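Trainee: Here it is: the structure, laid out below.
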Amino acid sequence: MIVMAYRIYRYINFDKMNCQKFIENKIKEISKEKVILDVGGGKPFTKWLSSYKELFANSDYKTMDYDKNTGADIVGDIHNIPLPEGSIDAIICHSVLEHVRDPQKAMDEMHRVLRHGGKMFFHVPSIYPYHAKKGFYPDYWRFFDDAIELLFKDFSKVECVKRGGYFKALLFFIPFQHRLRFVIDPLADFLDAVFKTERRTTTSGYYVFAIK
């Protein structure tokens, strides 16, 4: 019984571990770069990146945001980044492009300011609830495999991992799901593993690591 429970546990957590490992490995790789720009990062290390802060101790890490009230190091528009071409070694852009008017223009700008061989860590949602914040930012877009391919067409190397499958995506639409995650999160992972839904296009989001 214990052996079977262990096997089921491994089965449930395989995809989650794969995604989390990808995030950790790529953030570590990004943090080794000298000049790093976190686009849409707001006040430095106050969001999801806070748990990785120590990795950036030897980097010139700066955030950029369009709103001066966020506490960002640089105030600027992602469609027209106020930095010279090739001046950045690495870019982090997490859950930003769904909120901008022209995602391809934004990507072209980030590509422009990256040096040749520069690295990028990126996340966008796919099947995910509407999450605009009135008076601060809208919510325009959702992305799928074809969009990822188009956005990163000018990069020399692209690695991509999906954030769960069909059932994981549905999880975010359950009312009060944040209170029930300890129960329904493992169930969603289990169902995605059983039905191998990660092979389909349905996912809650994409994590991408790319090199210019």
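The values are calculated or read from the model by the stated rules, or taken from the named source; none is laboratory data. Everything numeric here is computed off the predicted structure, so don't read it as measured data. Cβ: placed from backbone, ideal geometry, glycine included. Neighbour counts: every protein chain shown.
Trainee: If L191 meets every condition in (1) touching a residue at least 40 places away in the same chain (Cβ under 8 Å); (2) more than 19 Å from M120 (Cβ to Cβ) apart from one, which number is that one?
Mentor: For L191, the failing item is (1).
Trainee: Let me ask something additional. In the range 69-113, what count of residues is obtained for those that are hydrophobic (A, V, I, L, M, F, W, C) and over 18 Å from the mean Cα position of the chain (by Cα)?
Mentor: Summing the residues that are hydrophobic (A, V, I, L, M, F, W, C) and over 18 Å from the mean Cα position of the chain (by Cα) in the range 69-113 gives 7.
Trainee: Please determine, by comparing only the residues of the range 153-173 that are touching a residue at least 12 places away in the same chain (Cβ under 8 Å) and in a loop (DSSP other than H, G, I, E, B), which one is farthest from M107 (Cα to Cα).
Mentor: Looking at residues that are touching a residue at least 12 places away in the same chain (Cβ under 8 Å) and in a loop (DSSP other than H, G, I, E, B), I get F173.
Trainee: I've got another one for you. Given the criterion closer than 21 Å to W48 by Cβ and of a type in the set (K, R), identify the matching residue among K162, K105.
Mentor: When all the criteria are applied, what remains is K162.
Trainee: Under 6 Å between Cβ atoms, which residue pairs at least 6 apart in sequence (or on different chains) link something in the range 113-125 that is under 8 Å from D89 (Cβ atoms) and modelled with pLDDT of 95 or more with a partner that is surrounded by fewer than 23 Cβ atoms within 10 Å (Cβ to Cβ) and among the aliphatic types (A, V, I, L, M)?
Mentor: K119/I211
Trainee: Examine the range 58-66 for a residue that is aromatic (F, W, Y), under 26 Å from Q20 (Cβ atoms), more than 15 Å from the chain's Cα centre (by Cα) and surrounded by 21 or more Cβ atoms within 10 Å (Cβ to Cβ), and state whether such a residue exists. Spell out the reasoning first.
Mentor: Keep residues of the range 58-66 that are aromatic (F, W, Y), which gives 61, 66.
Checking the rest, the ones that are also under 26 Å from Q20 (Cβ atoms) come to 61.
From the residues that got through so far, the ones that are more than 15 Å from the chain's Cα centre (by Cα) too are 61.
Within this subset, residues satisfying the condition of being surrounded by 21 or more Cβ atoms within 10 Å (Cβ to Cβ) are 61.
Looking through the range 58-66, at least one residue is aromatic (F, W, Y), under 26 Å from Q20 (Cβ atoms), more than 15 Å from the chain's Cα centre (by Cα) and surrounded by 21 or more Cβ atoms within 10 Å (Cβ to Cβ).
Trainee: Within the range 81-116, track down each residue that is in a helix (DSSP H, G or I) and among the acidic types (D, E).
Mentor: Once the filter is applied, which keeps residues that are in a helix (DSSP H, G or I) and among the acidic types (D, E), the range 81-116 yields E98, D108, E109.
Trainee: So if I check each of N69, N80, which one is at pLDDT 95 or above, surrounded by fewer than 16 Cβ atoms within 10 Å (Cβ to Cβ), farther than 26 Å from E29 by Cα and not charged (D, E, K, R)?
Mentor: It is N80.
Trainee: Of all the residues that make up the range 128-142, how many are surrounded by 12 or more Cβ atoms within 10 Å (Cβ to Cβ) and among the small types (G, A, S)?
Mentor: Residues that pass the stated criteria total 1.
Trainee: Exactly one condition in (1) within 22 Å of Y206 (Cβ to Cβ); (2) small (G, A, S); (3) touching a Gly at 6+ places or on another chain (Cβ under 7 Å) is not met by A106; state its number.
Mentor: All conditions pass for A106, except number (3).
Trainee: Next question, about the same structure. I need the full set of residues from the range 175-189 which are β-branched (V, I, T) and either closer than 21 Å to E109 by Cα or surrounded by 13 or more Cβ atoms within 10 Å (Cβ to Cβ) (or both), in order please.
Mentor: Selection gives I184 alone.
Trainee: Can you confirm whether the range 191-205 contains a residue that is closer than 24 Å to C93 by Cα, small (G, A, S), assigned to a loop (DSSP other than H, G, I, E, B) and within 20 Å of the chain's Cα centre (by Cα)? Before you say what the answer is, go through the steps one by one.
Mentor: Here is the first cut: in the range 191-205, the ones closer than 24 Å to C93 by Cα are 198, 201-205.
If we keep only those that are small (G, A, S) as well, we get 204-205.
From the residues that got through so far, the ones that are assigned to a loop (DSSP other than H, G, I, E, B) too are 204.
Retained after the next criterion (residues that are within 20 Å of the chain's Cα centre (by Cα)): 204.
The answer is yes; a qualifying residue exists.
Trainee: What's the total number of residues in the range 34-51 that are within 20 Å of G118 (Cα to Cα) and surrounded by fewer than 20 Cβ atoms within 10 Å (Cβ to Cβ)? Steps first, answer last, please.
Mentor: Step one: filter the range 34-51 for residues within 20 Å of G118 (Cα to Cα), giving 34-41, 49.
Still in the running and surrounded by fewer than 20 Cβ atoms within 10 Å (Cβ to Cβ): 34-35.
The qualifying residues number 2.
Trainee: Output yes when any residue across the range 174-183 is under 30 Å from R115 (Cβ atoms), out of contact with any Gly (no Cβ under 9 Å at 6 or more places or on another chain) and not hydroxyl-bearing (S, T, Y), and no when none is.
Mentor: no
Trainee: Restricted to the range 126-152, and to residues that are part of a helix (DSSP H, G or I) and of a type in the set (D, E), which residue is nearest to D89 (Cα to Cα)? Give the derivation first.
Mentor: Initially, the range 126-152 is screened for residues part of a helix (DSSP H, G or I), giving 145-151.
Still in the running and of a type in the set (D, E): 145-146, 149.
Numbers: D145: 26, D146: 27, E149: 22 Å.
Step by step, filter the range 126-152, then rank; the result is E149.
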